[in-house]
Each structure stands twice: as C-alpha cells, then as structure tokens.
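**Student:** The structure is given below, and queries will be raised subsequently.
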Amino acid sequence: MDVGINWEKEKMVKRAVEELTDHMIVNLGIGIPSLVVDYVAEGKNIWFHAENGIIGMGKSPKKGEEEPHLCNAGGFPVTLKIGGVYVDSATAFALIRGGRLDVTMLGALQVSEQGDVANWIVPGRKVPGIGGAMELAAKANKVIILMNHVNRQGEPKIVKSCSYPLTAKKCVDMIITDMAVLQRKGERFQLTEVFAPYTIEDVLTYTEAELEVNRQSVRIREV
C-alpha cells in the first residue's frame, strides 16, 4: 500500500513533527505515521523505532538506492541513521513493553470519546493479526493518532463508542486529523486547533464524540 503524500496528509505529518523533541524514542505506525520521519528537520536527534527490529530508522531512500533488506514494519524501504542499530524482535518489543517509547504515532479506524482506539481490523476482512499495535497503544508514554477525520463513506471516525474491535482502551492522548487537532483532557477530548479552511462548526458536524470547545482558545492554522 503506497500511502503517498498530498497536502492533506502533509499538514497532518508536519503538525505531528511539532510534538517531537531531541533524544525521543519514537515508533511510527503503518500508513500516514510512517511519513513523519521524512519531515524531521536535519540535525534533530530523534530515534525512530520499528518493531521489526530497527532503532535509528532514517528517511526514505532515494529511488534506486533502496536496500532490499532494510524496511519499516509496513515493509517499505527506509535508511539507517548514523549510530542506528538492528535488533531482534524480542529486543524491539522489550523496549515497547518496558515503557521505553516516548511516543508512538498510529493510524486508526476509530477513536472513542473515552480514548479507546480501534485500528487493526474491519470486521469481515482477513488480516494476518493485530501485530504490535496492541502493545504500542498500551505501553507508549504518549499515543498520537494520525488519521482522516471521516471514513470513505463520510462517517465520523471520532465516535462515542468504537464499533470495530478494540486495539487498546483509554490510551489515546492526541488526535491529528485533516480537519483538526484534539488533545485528551480528563474524561474527553478538547478541540485545540482547526486546519483552515475548515471551521469549528465543520469539526463538530463531523465528530460524533462530545468535545470540549473553548472557541476563544482554538487556534486556526493556515495551511
């Protein structure tokens, strides 16, 4: 699956990069999150982790310079930064289970009002398994979801209660969509930013979950 890049994805990815600081260990999920590594400024010292056994994952290689044995968890070619290492899966997952990841950025099918996430299966479709998503969502110190605000049918993906099988409960700290940025505040999400040309009303219309909204403090981001 080639997620590619367009301005809708790019604005999400650029906003996600703002959450990263030097020396963080960060896991990137399949799909839109995997693009984040390519938007980190040169000289920023962030260590990207892949559960298939990379610590120090670098930017995507130029066409024709791919190393066939070096890929991220989604199977797409990547590079290794200076000082990066390969490890076995047991070590990669030990870092996750031991709470060593500062941030994980994941895609999602649905996020509930309570911060539950469903991102591994659409009922009726065959998938090889839940993979590392369950442990990443439960154990990372901060869970950021990058996803479109609505699905292909135009239905909200930020819902009161997930109808898809859950990956983990009450784990999501932040949601970045093509419309807005939401941050977990207590028992619900607070709308903190809106991407122009969308409006606060657009976000509320296409969000099923109840949000906290302080209209005076919501930042409108020009893109």
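**Student:** Take the chain, connect every pair of alpha-carbon atoms lying under 10 Å apart with a spring to form a Gaussian network, then pick out the residue of Leu35, Leu20, Leu109 with the largest mean-square fluctuation.
**Tutor:** Among Leu35, Leu20, Leu109, the largest mean-square fluctuation in the Gaussian network model of the chain belongs to Leu20.
**Student:** Here's another thing I want to ask about it. Please find, in a Gaussian network model of the chain (springs between Cα atoms separated by less than 10 Å), the residue of Glu18, Glu42, Glu67 whose mean-square fluctuation is greatest.
**Tutor:** Looking only at Glu18, Glu42, Glu67, the biggest GNM fluctuation is shown by Glu42.
**Student:** Determine the gain in length on full extension of the stretch Ile82-Lys160; use 0.36 nm per residue of separation and subtract their C-alpha separation, reporting nm with one decimal.
**Tutor:** Details: separation 78, 0.36 × 78 = 28.08 nm, distance 4.43 nm.
Gain on extension, Ile82 to Lys160, equals 23.6 nm.
**Student:** Same structure again: Could you work out the mean projected area of the convex hull around the alpha carbons of the stretch 110-223, in square nanometres to one decimal? Display every interim value, and only then the final one.
**Tutor:** Working: hull surface 29.9 nm².
One quarter of the hull surface, i.e. the mean projection, equals 7.5 nm².
**Student:** If you don't mind, there's one more thing I want to ask. Is it possible to state the helix-based mean residue ellipticity at 222 nm for the chain, with each DSSP H run of 4+ residues giving -39500 (n - 2.57), the sum divided by total residues, to the nearest 500 deg cm²/dmol? What is it? Could you put the intermediate results ahead of the total?
**Tutor:** Numbers: 4 runs with 33 residues, N = 223.
It lands at -4000 deg cm²/dmol.
**Student:** What is the Cα coordinate range of the chain on the first, second and third principal axes, sorted by size from largest, in whole angstrom?
**Tutor:** 46, 37, 30
**Student:** Pick out which of Val13, Val26, Val122 has the largest mean-square fluctuation in a Gaussian network model of the chain, springs linking Cα atoms closer than 10 Å.
**Tutor:** Val122
**Student:** Once phi is turned into θ = phi - 60°, what whole-Hz ³J(HN,Hα) does the Karplus curve with 6.51, -1.76 and 1.60 give for every residue of the stretch 60-66, x standing for Gly and Pro?
**Tutor:** Karplus values, whole Hz, x for Gly and Pro: 4, x, 5, 4, x, 10, 5.
**Student:** With the Cα gyration tensor of the stretch 124-189 in hand, convert its eigenvalues to equivalent ellipsoid semi-axes via √(5λ) and list them largest first in whole Å. Before the final figure, lay out each step's value.
**Tutor:** Numbers: eigenvalues 74, 64, 24 Å².
In descending order the semi-axes read 19, 18, 11 Å.
**Student:** Same structure again: Can you give the FRET efficiency to the nearest 0.05 for Asn45 and Glu210, using r as the Cβ-Cβ distance and R₀ = 45 Å? Could you put the intermediate results ahead of the total?
**Tutor:** Details: r = 39 Å, r/R0 = 0.87.
After rounding to 0.05, the efficiency reads 0.70.
**Student:** Can you list the aspartates and glutamates whose alpha carbon sits under 20 Å from that of Lys14, skipping same-chain ones fewer than 8 residues off?
**Tutor:** Counting by Cα, and skipping residues close in sequence, Lys14 has these aspartates and glutamates nearby: Asp2, Asp22, Asp38, Glu42, Asp102, Asp173, Asp178, Glu193, Glu222.
**Student:** Modelled label-to-label distance, Gln190 and Val223, 7 Å Cα→beta-carbon offset: nm?
**Tutor:** Between Gln190 and Val223, the label points sit 2.3 nm apart.
**Student:** So, taking all protein chains as they sit and a 1.4 Å probe, how much accessible area belongs to Lys160, in Å² rounded to tens?
**Tutor:** Spelled out: Lys160, probe radius 1.4 Å, area about 90 Å².
**Student:** How many nm is it between the label spots at Glu67 and His23, if each spot is 7 Å from the Cα in line with the beta carbon?
**Tutor:** About 2.7 nm separates the two model spin labels.
**Student:** Here is a further query. About the Cα centre of the stretch 1-152, how large is the charge dipole given +1 on each Lys and Arg Cβ and -1 on each Asp and Glu Cβ? Please answer in debye to the nearest 20.
**Tutor:** On the way: 16 positive and 17 negative charges, 40 e Å.
Here the size comes out at about 200 debye.
**Student:** Please report, as a whole percent, how much of the solvent-accessible surface of the chain comes from carbon and sulfur atoms (probe radius 1.4 Å). The partial results should precede the final answer.
**Tutor:** Working: 5740 of 11370 Å².
Of all accessible area on the chain, carbon and sulfur atoms account for 51 percent.
**Student:** Test of understanding: what is the full-extension gain from Val127 to Thr91, defined as 0.36 nm times their sequence separation minus their Cα-Cα distance?
**Tutor:** Numbers: separation 36, 0.36 × 36 = 12.96 nm, distance 2.47 nm.
Residue separation times 0.36 nm, minus the Cα-Cα distance, leaves 10.5 nm.
**Student:** With just the Cα atoms defining each centre, how far is the stretch 176-223 from the stretch 41-65? Give it in Å.
**Tutor:** Between the Cα centres of the stretch 176-223 and the stretch 41-65 lies a distance of 31 Å.
The values are calculated or read from the model by the stated rules, or taken from the named source; none is laboratory data. Being a predicted model, the structure only gives us computed values, none of them experimental. As a convention, Cβ positions derive from the backbone with ideal geometry for all residues, glycine included, and neighbour counts pool all protein chains shown. When the accessible area is computed, the model is the full protein with side chains, heavy atoms only, and any ligands, DNA or RNA have been set aside. Shrake-Rupley method; radii C 1.70, N 1.55, O 1.52, S 1.80 Å.
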